[in-house]
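Just so you know, all these numbers are worked out from the coordinates, no wet-lab data involved. Predicted model, so just to flag it, every value in this text is computed and none were measured. So basically every Cβ, Gly included, is an ideal-geometry build from the backbone, and we count neighbours across all protein chains shown.
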Amino acid sequence: MNTLPNILELAQAHSLEFDPKTFNKKEARTKCPFCMEDSNRNNKYYLSLNEHKGVFKCWVCKESGGVLRFMALLEGKSEQEVIESFRKKSGSAYKRHPAERLTRHQLSLLGYPKIDWIGNRKYDYELYKAYREKIYLEWKHYVQRQKVFAYKQLFVGLISGSLKEAIEKIEELERELHESFKDELLEILFQDSKEEQYVELEEVAVEMAGITHPYNTLLIKH
Ligand SMILES: [Zn+2]
């Protein structure tokens, strides 16, 4: 949430001369930088600033408005420019959808070039939202396939005595994908009883590696 500047702080930042009696009060007075009718008058401060409402008004020249107008006048910009710069700031604070946080490399793994999310959002909001979901779902599926592959590698590593190397490969994969699943997979790898899908994966993996599944070996021994 982007908050507007505090009008008193803004006045201080621009070195406006405060009436000391009102300094830091909710309703403060300063010399008016717009008409300067009070500049040579002792104890006269024509510009009134309301901190709570974020508004200003000069009792002599009648210049008045909200904090953004105040800022525009003080900085010699148009009010539109000030509003635009605020919109940009709040745009960067915009909480991005996980699909929008995918890096260029992650997108390239899915076969997409860089995606112009802001352009998409401006073009058609509903389409942009649907596209966002689609891309993120694709990414999740992609990571899932990589996890399956990683699990097979770990299992083959475990039973062929090269677990350390297998773990290193998984770590490399994690770095490439900017995802982490090694600990989760290792935990499953050393579980006494596993979900059937993992047992199936192990069977496929050892078959591909040309190794006998240890469960079969155990059965033969008994
Ligand atoms: Zn004035």
Which one of 181, 113, 153 has its Cα pushed farthest toward the positive end of the charge dipole of the chain, where Lys and Arg give +1 and Asp and Glu give -1 at the Cβ?
113
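Quick one: pull the percentage of alpha-carbon pairs in the chain with a separation above 21 Å.
70
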Whole number please: convex hull volume per residue of the Cα set in the range 61-146, in Å³?
122
Could you pull out every one of the lysines with an alpha carbon less than 19 Å from that of residue 21, ignoring same-chain neighbours closer than 8 positions?
31, 44, 57
Which value, in nm² and rounded to one decimal, describes the direction-averaged projected area of the C-alpha convex hull of the range 7-92?
5.7
Take each uninterrupted DSSP H stretch in the chain, measure its Cα extent along the helix axis, and return the ones at 15 Å or beyond whose mean Kyte-Doolittle hydropathy is at least -1.0.
125-159, 163-177, 196-209
Would you mind working out the magnitude of the charge dipole of the range 27-111 relative to its Cα centre, with +1 at each Lys and Arg C-beta and -1 at each Asp and Glu C-beta, to the nearest 20 Debye?
280
In the structure shown, of 88/114; 88/140; 62/88; 89/134; 95/140; 129/194, the pairs separated by more than 26 angstrom at the C-alpha atoms are 88/140; 62/88; 89/134; 129/194
